[in-house]
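Report on the following structure.
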There are 2 protein chains.
Amino acid sequence: MSSVREVKVATEVPGPLSKAEAEKLGSFFDNRAFYFVADYDKSSGNYIVDVDGNQYLDVYSQIASIPVGYNNPTLTKAAQSREMISALVNRPALGNFPSSHWHDSLKNGLLKVAPDGCDKIFTAQSGSEANELAFKAAFMLYRRKQRGEGVEWSDNEISSCLNNAKPGSPELAILSFANSFHGRGFGSLSATRSKAVHKLDIPSFNWPQAPFPALKYPLDKFAAENAAEEKRCLDKVEELITTWQFPVAGLIVEPIQSEGGDNHASPAFFQGLRDITQKHNVTMIVDEVQTGFGATGKFWGHQHWNLTSPPDIVTFSKKAQTAGYYFGNPRLVPDKAYRQFNTWIGDPARVLMSKAVVEEILARDLVSQTARVGVALYSELERLATKYPQLVRNLRGKGQGTYIAFDTTDPASLVKKMKSLGVNIGTCGTQTVRLRPMLIFEEAHIPFLISALDKALGPA
Amino acid sequence: MSSVREVKVATEVPGPLSKAEAEKLGSFFDNRAFYFVADYDKSSGNYIVDVDGNQYLDVYSQIASIPVGYNNPTLTKAAQSREMISALVNRPALGNFPSSHWHDSLKNGLLKVAPDGCDKIFTAQSGSEANELAFKAAFMLYRRKQRGEGVEWSDNEISSCLNNAKPGSPELAILSFANSFHGRGFGSLSATRSKAVHKLDIPSFNWPQAPFPALKYPLDKFAAENAAEEKRCLDKVEELITTWQFPVAGLIVEPIQSEGGDNHASPAFFQGLRDITQKHNVTMIVDEVQTGFGATGKFWGHQHWNLTSPPDIVTFSKKAQTAGYYFGNPRLVPDKAYRQFNTWIGDPARVLMSKAVVEEILARDLVSQTARVGVALYSELERLATKYPQLVRNLRGKGQGTYIAFDTTDPASLVKKMKSLGVNIGTCGTQTVRLRPMLIFEEAHIPFLISALDKALGPA
């Protein structure tokens, strides 16, 4: 059976039924960010259907988080399993009373795709939480090294931390990059530097921000300039680590800055970060919340770098359908129980879904497919970039699967127009349209997407 | 059919199979806080079964989070519903593309039990997240009032917030109480003051901490002293709000300090907090993560206070099986979309479970039952307190449903002994045993619990 479905948009978007439903919802739930109200029962594969009956090819995928298609049969089977019903009904405090199924859920799911060098896991419920747990692990490791292995906490540390005072609550920093997005909690938001709408009015920690390379496209034309730009940023990273008012315990970086505008850097840049973090004993956290789980044509975005040694921590969420972090160093497990702990420690129901996602990705070899389809998609977009040089600029993501983006003059209008043409697509940064198809996006879906883009970009 | 099941413990706790399973798990998951590995398929109602076949009466309930019993049929039905399968398989970005079921899930679930004066909701995934979202709402409201209604953000605010600097990232505080627990994120942990193991080595905000009343028991004997103690704490709250180095935008308080040792205060104390917060324009956040959903014999713990005006924000999690916060003031909705936002905004699968929990609680009138059973349970514990005056001290929670606790000399040994006698029970604070039965705990379960306590407290 073909995976290509009919696309039709018979109303304005959002349509009258979407609007009516959103208005009802608005009486008790903030509805101002809604695009349309979806009918997930009628959605399938790469296609999302709204309550007005409009059908769209979806290359936004719930902000890059649907991995293997709406109503995927493998996921549906997992959702109906006996283990799932128990995980939903008997939600455990996983640290105290794990289920007899918990070992298998992880071992044959998330652990199967653990990045090289990261053979341990801590489960969580969102990318924000995963990053904050990673920060906490980095801070505890830093102080453990400082305190000395096996040295007991002092009375002064114990009492001062309850007052949010030094030395128990130390001044320690996480370094992040300009335009990064790492989440919305008070720690993860302190590392986020993307948009004022995320940060304004919220108190934050005094943590350093390094510039992220601003590469020029096409890359081959600007090779020397881009290398110099990356060196400038690496130098600044090292300078910040060595001169900040207080110690930098961790560094967090996205393989591709996603919310911040799909900004890329070279493997050499990331190797540079690995070298600097190792030199200065800084925990290197790779935030794969958006890049993880195959969209770049490798399972993990950082696998494109061939680092000389693996990152210390890799965080995940979105397409994983749950969240958490991987790590390798056993000293990232705190010196005592209950330090890295909470009531639920993730959600076993969502971890079962992630197991089904992993099964589906591996069984259908969807990462290879995404790499292959990405090549074809990129080349079609290159054609459009040539045809509309003012409207499709800085095309990027070559060799990065379907993780492709370009700059344009009015991204909001373009994606609005695309919806009316039957394509659900998203923006990022201030001038960028990003493609985030699912891993089941095929060559067969390219012509419709490209033809819609061609129409939307062409003269009105 | 009787809800009383046989209790049997045939091995040491944890038993050999639990230990073997936990050891396997330990190769990739921190297992140091585990008590035993549970067989949830064999657990039911108030009884939890472990992989060694031991069966316990469970009055700890997954750290106070199982609401209506293991394998509850109403919840099982919800877990098997078509809406649930869709919510699991097609996880939406609820702010952008809510499902056509989303309105009903909330309206006929969590909204049905919304506290008076709190008719709006923001959904989340954990108590920590719920509290941090509440803090953000308080901060945004504070700055909105300061900026003036309708006044646009300045360029300086917009650029400074991206640098984590004033005025965009303002210095604003949340006041909390000594011994409080509000979560593990960097914001919620800054408000948490319970134990060093939660806080040590983690950077925190410079936020004020007020004393929480240390009441003496029995309450009637120390009425005057306790009233003076509450006044002392209220005075200190007002002093901190008016003299802190920077503005206090919000105050967060638990109706009963739970992790911190089951510390109670009188309705007059909480009315005092409401008066002070209103006088000084401080958002009053009531953290009902542990007290909410019926365990105190009212649906919400703060309903015991009969406040002259409702709290500004009420947070929930645990027994709700999902998380989030309620609020009434529409100005707690930020001035622009996407300020209070994240990819998932909670989990519709867990919100469907909460709907089933609400149905079950209301249909079986379980809050009234808990109030009634609590009276009987308290009076049995009074008997034990008389019998063992050194080992059962400061019995508290009278008139608070089954939310009952007492101090003892060695709580860790007592709960260990109780496990060997077939009762799963927990501690809190440094010297306290807390009861956290489910809402389906009945008079019929009291004799076994009391008899086990009697044995555990009695001479070896």
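Per-structure values
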{"quantity": "Given (1) open to solvent by 10 Å² or more (accessible area, probe 1.4 Å); (2) over 30 Å from B:LEU332 (Cβ atoms); (3) in contact (Cβ under 8 Å) with a residue 60 or more places away in the chain; (4) not small (Gly, Ala, Ser), number of the condition A:VAL59 does not satisfy", "calculated": "(1)"}
{"quantity": "Top-ranked residue in the stretch B:1-22 [being within 18 Å of B:VAL59 (Cβ to Cβ) and of a type in the set (D, E, K, R); ranked as most open to solvent (accessible area, probe 1.4 Å)]", "calculated": "B:GLU6"}
{"quantity": "Residue within the stretch A:113-124 that is among the charged types (D, E, K, R) and more than 9 Å from every other protein chain (Cβ to nearest Cβ) present", "calculated": "yes"}
{"quantity": "Residue among A:ALA78, A:ALA124, A:ALA137 that is in contact (Cβ under 8 Å) with a residue 40 or more places away in the chain and open to solvent by 10 Å² or more (accessible area, probe 1.4 Å)", "calculated": "A:ALA78"}
{"quantity": "Some residue of the stretch B:343-358 being open to solvent by 10 Å² or more (accessible area, probe 1.4 Å), more than 10 Å from chain A (Cβ to nearest Cβ) and assigned to a helix (DSSP H, G or I)", "calculated": "yes"}
{"quantity": "Enumeration of residues in the stretch B:148-161 that are surrounded by 17 or more Cβ atoms within 10 Å (Cβ to Cβ) and over 27 Å from B:ASP201 (Cα atoms)", "calculated": "B:TRP153, B:GLU157, B:SER160"}
{"quantity": "Elements of type helices (runs of 4 or more DSSP H) contained in the stretch B:19-108, each with 3 or more residues being at the interface with another protein chain (Cβ under 7 Å from one of its Cβ atoms) and more than 22 Å from the chain's Cα centre (by Cα)", "calculated": "B:82-89"}
{"quantity": "Residues located in the stretch B:431-444, provided they are crowded, with 21+ Cβ neighbours inside 10 Å and under 23 Å from A:LEU162 (Cα atoms)", "calculated": "B:THR432, B:VAL433, B:ARG434"}
{"quantity": "Test: residue in the stretch B:423-430 that is open to solvent by less than 50 Å² (accessible area, probe 1.4 Å), assigned to a loop (DSSP other than H, G, I, E, B), under 29 Å from B:SER180 (Cα atoms) and in contact (Cβ under 8 Å) with a residue 12 or more places away in the chain", "calculated": "yes"}
{"quantity": "Failed condition for A:ASN164, given (1) at pLDDT 95 or above; (2) more than 8 Å from chain B (Cβ to nearest Cβ); (3) assigned to a loop (DSSP other than H, G, I, E, B); (4) open to solvent by 10 Å² or more (accessible area, probe 1.4 Å)", "calculated": "(2)"}
{"quantity": "Qualifying position, being open to solvent by 10 Å² or more (accessible area, probe 1.4 Å) and modelled with pLDDT under 95, among B:PRO447, B:PRO411, B:PRO459", "calculated": "B:PRO459"}
{"quantity": "The one condition in (1) at positive phi; (2) within 14 Å of chain A (Cβ to nearest Cβ); (3) open to solvent by less than 30 Å² (accessible area, probe 1.4 Å) that B:GLY297 fails to fulfil", "calculated": "(2)"}
{"quantity": "Count - residues of the stretch A:265-294 that are surrounded by fewer than 23 Cβ atoms within 10 Å (Cβ to Cβ) and in contact (Cβ under 8 Å) with a residue 60 or more places away in the chain", "calculated": "1"}
{"quantity": "Qualifying helices (runs of 4 or more DSSP H) (wholly inside the stretch A:172-249; at least 1 residues being buried (at least 24 other Cβ atoms within 10 Å of the Cβ) and more than 12 Å from chain B (Cβ to nearest Cβ))", "calculated": "A:223-243"}
{"quantity": "Total residues in the stretch B:177-223, condition β-branched (Val, Ile, Thr) and touching a helix residue (DSSP H, G or I) at 6+ places or on another chain (Cβ under 8 Å)", "calculated": "2"}
{"quantity": "Scope the stretch B:1-18; condition closer than 27 Å to B:PRO437 by Cβ and part of a helix (DSSP H, G or I); matching residues", "calculated": "B:LEU17, B:SER18"}
{"quantity": "Positions within the stretch A:302-342 being open to solvent by 20 Å² or more (accessible area, probe 1.4 Å) and assigned to a helix (DSSP H, G or I), in sequence order", "calculated": "A:GLN303, A:HIS304, A:PRO330, A:ARG331"}
{"quantity": "Meets criteria (in a loop (DSSP other than H, G, I, E, B), within 7 Å of chain B (Cβ to nearest Cβ) and over 30 Å from A:LYS231 (Cβ atoms)) for A:SER169", "calculated": "yes"}
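Rundown of residues vs (1) buried (at least 21 other Cβ atoms within 10 Å of the Cβ); (2) in contact (Cβ under 8 Å) with a residue 12 or more places away in the chain; (3) outside any loop (DSSP other than H, G, I, E, B); (4) of a type in the set (D, E, K, R), yes/no style:
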residue: A:THR370; (1), (2), (3), (4): yes, yes, yes, no
residue: A:ALA376; (1), (2), (3), (4): no, yes, yes, no
residue: A:GLU380; (1), (2), (3), (4): no, yes, yes, yes
residue: A:GLY399; (1), (2), (3), (4): no, yes, no, no
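The values are calculated or read from the model by the stated rules, or taken from the named source; none is laboratory data. This is a predicted model, so every value here is computed, not measured. Every residue, glycine among them, receives a Cβ derived from its backbone with ideal geometry; neighbour counts consider all protein chains shown. The area values use the complete protein model at the heavy-atom level, side chains included, leaving out ligands, DNA and RNA. Shrake-Rupley method; radii C 1.70, N 1.55, O 1.52, S 1.80 Å.
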